[in-house]
Amino acid sequence: MEAGSHARVIVHVDMDCFYAQVEERRNPSLAGHPLGVRQKNIVVTCNYEARALGVRKLMLVEDAKRICPSITLVLGEDLAPYRHTSAQVTAVLQQFSPLVERLGLDENFVDVTQLVNKRLEQRRGNNDSNVGSYIQADNEATPFVYNDDYGSCCCGCRARLIEGALLAKEIRERIRTELQLTSCAGIAHNKLLAKLVCSTHKPNQQTVVFPGPAVRTLLSSLPNVRSLPGVGSRTADILQELGVTSMPELQAHPLPALKSALGSDTALRLKNNSLGVDDSEVKASGKPASIGIEDGFRRVSLQSEVREKLSTLLTRLLKLVEEDGRSPTTIRVTVRKLDRTKGTSHRESRQCNISSLQPERLMTTVMMLFHRIVDINQPFHLTLLGLAFTKFRARGIGRGSVASFLVRDRDLSVQTLTSLEGEGSGTSIIRMPPSLAPNESGSESEPELEPSPKKNRADSWRGRDLMSPSKLRVSEMCLASRSPRASIDESVLKELPPDIRMEVLEAYGSDTSESTDCSMDCASDSDRSPVTVRSSPVRMIDARPSVNCLEKVMGKSSDKTSERCPEKPSPGPCASEAAASGAAATSVPLTKELPSDVDPVVFQQLPENVQADLLRSWRLEKWHPRKSKQNSILQYMVANSE
């Protein structure tokens, strides 16, 4: 049985033979005669005069000419006029409701619930006795009622849908008056039923369906499960394996069996849709997340042909971006390769950041991406080329603009995406960002990529041996629920020298500290950093010299008995804390710990905190060597060999 709320009023507007109408509006002499719009060797659409003579959509051009010799075919490969007209239609619909969801160039969902409720209140305020009891009709566009079997619903949905039908007629009339275009409309209490009922009466008509038996009749009239929106060939094949091909079979099939074959979410959605239930909202469509165009053909096997076609696509794409008004930060190249040995084809895409919209630079980048997909030294057979701009930002936001500091980094991030879509395979491979992956071209830098933000000195050595962006935040993940101090033998801890005791507490976290130390166990042994970063204040301590001591504290024995804790360990950065607590910590370093070019006499004259910092930096230098700066304090401590 049908369930769900009936509180909404949804109108689905579908333009009649949209491309053909746009061409008739551009050239009025074509109106009233058989007309088709062709792309390559296919008739993508035709007007109703041509359909009356047997021409159908997606028919071969030669077949259309044979069936209807008088047909006029207009080249429709440039989608700019259709995009512009589609935007005009959407603008008209937005005059009635802000909730307009675009579905391609010629279809829109409009949620008119708020306006319908407002008009019903006004009618009731005017004591209109015909509220919700009639649907006006005229000779030009008759509103149909699909199987006017209302049932026994008492929620007021019938009055709302009747008012919605009157409003849909008004919407269609305004589109015809302002844009000289005709359309169909479906009116229902959800998006699914509005779309299904819209196609029952065409052209230039509208139909409303009420909840109840009419919904079940509408769903049962669908020829197969493929007629249900959202059911593609792969889903239909899975359903066919389950013995489900018709709507009644889908309605009767057990939900657990559907979940095991399709997954919980897909199975539940299909089950609800088969019963006429659709709670999805009409989402107001903003500007598209990507703007792209593609060109399909039978065969391209020469680099010169590829460059020519990509140059044409880029010129058209730049015009679309100019009309959009935003600046893209990423360009994507897509190709479709044909494998003659297997008789299959698959798509593959590459993308990268761009810093300029200059056609020459863009073309260089486009060809660079193409060469990463196709090895021109080997024979290739392409059947499609495509270009797209993505990751947009408001125009005027550049590196020198104040607004650039308000743009989130993740909005400008880029990935290299390789999508492989072949028969029986929906594989997609996400490649690592260029900054973390080897350069495929063999060059040291990625052309057209934005430079990485500058890092401070601590970030430089901290992330040097990390191979994943997620590991850069390992030191920030503090698990407050874990207490390493609880696993320490307190009796053994008290026997340790004060400076070693403080170092242990710093490494494993003190229960009395207000901040929580981040355990180094968050990363694997191969990824451990030689430091532990505290949340507040930021401190870096060397935990490696005391590994055996920590094992002793935690009750573990080392297999290497020859390795013992030094009786007089080097002072760590917490030596000053030990002194403040009343412990007598020695700060005389072992001579062997000093680099060979450091004068021990000069070193011992330095303050203890400076000595500790230098020792720590020298230890880090052993793990991560780096060049010393010319103006570093280290140069004053180098022994004079002369």
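Observations
- Sole residue being in contact (Cβ under 8 Å) with a residue 40 or more places away in the chain, within 26 Å of TYR19 (Cβ to Cβ), touching a Phe, Trp or Tyr at 6+ places or on another chain (Cβ under 7 Å) and not acidic (Asp, Glu), chosen from THR182, THR207: THR207
- Single residue of SER355, SER285, SER349, SER304 found to be open to solvent by 20 Å² or more (accessible area, probe 1.4 Å), closer than 30 Å to SER86 by Cβ and among the hydroxyl-bearing types (Ser, Thr, Tyr): SER285
- Among the residues of the range 80-104, the one identified as touching a Ser or Thr at 6+ places or on another chain (Cβ under 7 Å) and surrounded by fewer than 20 Cβ atoms within 10 Å (Cβ to Cβ) is ARG102.
- Test: residue in the range 361-369 that is surrounded by fewer than 18 Cβ atoms within 10 Å (Cβ to Cβ) and within 20 Å of LEU79 (Cβ to Cβ): no
- Flag if GLU107 is open to solvent by less than 40 Å² (accessible area, probe 1.4 Å) and in contact with an Asp or Glu (Cβ under 7 Å, 6 or more places away or on another chain): yes
- Search result, residues across the range 210-226 that are within 12 Å of LEU270 (Cα to Cα) and open to solvent by 30 Å² or more (accessible area, probe 1.4 Å): ARG226
- Test for TYR146: is it at pLDDT below 95, in contact with a strand residue (DSSP E or B) (Cβ under 7 Å, 6 or more places away or on another chain) and more than 23 Å from GLN21 (Cα to Cα): yes
- Scanning the range 193-204 for residues that are in contact (Cβ under 8 Å) with a residue 40 or more places away in the chain, within 36 Å of the chain's Cα centre (by Cα) and open to solvent by 10 Å² or more (accessible area, probe 1.4 Å) gives LYS195, SER199, THR200.
- The single condition from (1) surrounded by 13 or more Cβ atoms within 10 Å (Cβ to Cβ); (2) part of a loop (DSSP other than H, G, I, E, B) that THR341 fails is (1).
- Those residues of the range 153-179 which are among the basic types (Lys, Arg) and touching a residue at least 24 places away in the same chain (Cβ under 8 Å), in sequence order: ARG158, ARG160, LYS169, ARG172, ARG174
- Screening GLU23 against (1) over 37 Å from the mean Cα position of the chain (by Cα); (2) at pLDDT 95 or above leaves a single unmet condition, (1).
- Pair list, Cβ under 6 Å, 6 or more apart: the range 358-373 residue within 14 Å of LYS309 (Cα to Cα), other residue outside any helix (DSSP H, G or I): VAL366/VAL333; PHE370/VAL333
- Per-region count, the range 613-627, residues surrounded by 12 or more Cβ atoms within 10 Å (Cβ to Cβ) and at pLDDT below 80: 10
- The single condition among (1) surrounded by 15 or more Cβ atoms within 10 Å (Cβ to Cβ); (2) at pLDDT 90 or above; (3) more than 26 Å from ASP278 (Cα to Cα) that VAL131 does not meet is (2).
The values are calculated or read from the model by the stated rules, or taken from the named source; none is laboratory data. Computed from a prediction, not measured in an experiment: that's the story for all the values here. As a convention, Cβ positions derive from the backbone with ideal geometry for all residues, glycine included, and neighbour counts pool all protein chains shown. Just the protein is used for accessible areas: all its heavy atoms, side chains included, with ligands, DNA and RNA removed. Shrake-Rupley method; radii C 1.70, N 1.55, O 1.52, S 1.80 Å.
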